[in-house]
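Working notes for the structure below.
The values are calculated or read from the model by the stated rules, or taken from the named source; none is laboratory data. Source: prediction; values computed, not measured. Every residue, glycine among them, receives a Cβ derived from its backbone with ideal geometry; neighbour counts consider all protein chains shown.
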Amino acid sequence: MRIAFATASVVGGDVVDDDRHLAAAFTRAGHEVLPLPWDDPAAPLGDVAAVILRSVWNYHRDLGAFLAWLRAVAAGTQLFNPYALVAANAEKSYLLGLVAAGVPIVPTEVVACGARADLAAIARAHAWPAVVVKPSVSASSDRTLLVGAHGADFAAGQRHLDALTAAGAALVQPFVREVLAMGERSLVFFDGQFSHAIAKEAFNPIDATVALPIDPTARELAVARAALATLAEVPLYARVDLVARERGDPQLMELELIEPELYFRCCAPAGARFVEAFERRMAESSGKSRTLCP
């Protein structure tokens, strides 16, 4: 079976290092993997059985074009994750839906496109000494600003928020100090089943992407599963990013369904688990329409 890993020009249109472990697992299972840069009009889709979104790390720079590309892909072949899940997950305002479903998240205020919000007033109302301001559509901390607690001052933060909302919605969240001490904890699921978890060390002076395998707590697993249960369908892959709070339950930071690094290098069996989940999905869809977009 020929499978395309969707990539982007920002990574040279090739498979990134961590995903090479996954590509090797597909090869061992008898499949062929090729890179497909989504933002290269000269890159043909070709005859592939499925497209798996991987390192499309610049999709947020032109979400409209990216979604149009996804619709075109989904009209002709299997797309993972499916279009509807990706489109909903691209706007981080999905976090408010998780709150409504009872999933504990890092508190979030969404400021609509074109709205004028007083950043200092938001921080005072919630007793947040420091806040993080970021676009509702973003990836890899792009245009994310720490305000207070030795970050930018609130005047600069207000200018940043105003610039963001002139073009789209923005999020304001408290700065979670526990991230400094304990890092983020990411739980990875394939086809709804837990695969592995890692801890990402925050602000490591040597390597900002240090990741170590961990055993998640029962409560962390419960929060992750509750978040996944809110989705309209089970994704082929998902990464649930949590932060352990000193007081209270872990809180969800992100539910990543589009292009998360899945840390195959940190868990030897993960590649084979992903391939098994993928093959199961393909077998289930055999004989059905391959158009997954609405």
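Of note:
- Restricting attention to the range 84-128, the residues that are touching a residue at least 24 places away in the same chain (Cβ under 8 Å) and part of a loop (DSSP other than H, G, I, E, B) add up to 18.
- Residues being out of contact with any Lys or Arg (no Cβ under 6 Å at 6 or more places or on another chain) and without any contact (Cβ under 8 Å) to a residue 24 or more places away in the chain - total across the range 135-153: 6
- In summary, Ser289 fulfils each of the numbered conditions (1) part of a loop (DSSP other than H, G, I, E, B); (2) at pLDDT 95 or above; (3) not aliphatic (A, V, I, L, M) with the single exception of condition (2).
- Residue within the range 106-115 that is more than 25 Å from the chain's Cα centre (by Cα) and outside the structural domain of Leu45 (by TED's automatic domain parsing) present: yes
- Flag if Val132 is touching a Lys or Arg at 6+ places or on another chain (Cβ under 9 Å), closer than 22 Å to Val240 by Cβ and surrounded by 17 or more Cβ atoms within 10 Å (Cβ to Cβ): no
- Hits in the range 38-55 (condition: buried (at least 21 other Cβ atoms within 10 Å of the Cβ) and without any contact (Cβ under 8 Å) to a residue 40 or more places away in the chain): Trp38
- Looking only at the range 56-76, residues that are touching a Leu at 6+ places or on another chain (Cβ under 8 Å) and either crowded, with 20+ Cβ neighbours inside 10 Å or of a type in the set (Lys, Arg) (or both) come to 3 in all.
- Test: Leu231 is more than 30 Å from His150 (Cα to Cα) and modelled with pLDDT of 95 or more: yes
- Checking Val111, Val172, Val99, Val132 one by one, the residue that is under 27 Å from Tyr263 (Cα atoms), β-branched (Val, Ile, Thr) and touching a strand residue (DSSP E or B) at 6+ places or on another chain (Cβ under 7 Å) is Val132 and no other.
- Condition check for Leu96: within 18 Å of the chain's Cα centre (by Cα) and surrounded by fewer than 19 Cβ atoms within 10 Å (Cβ to Cβ): yes
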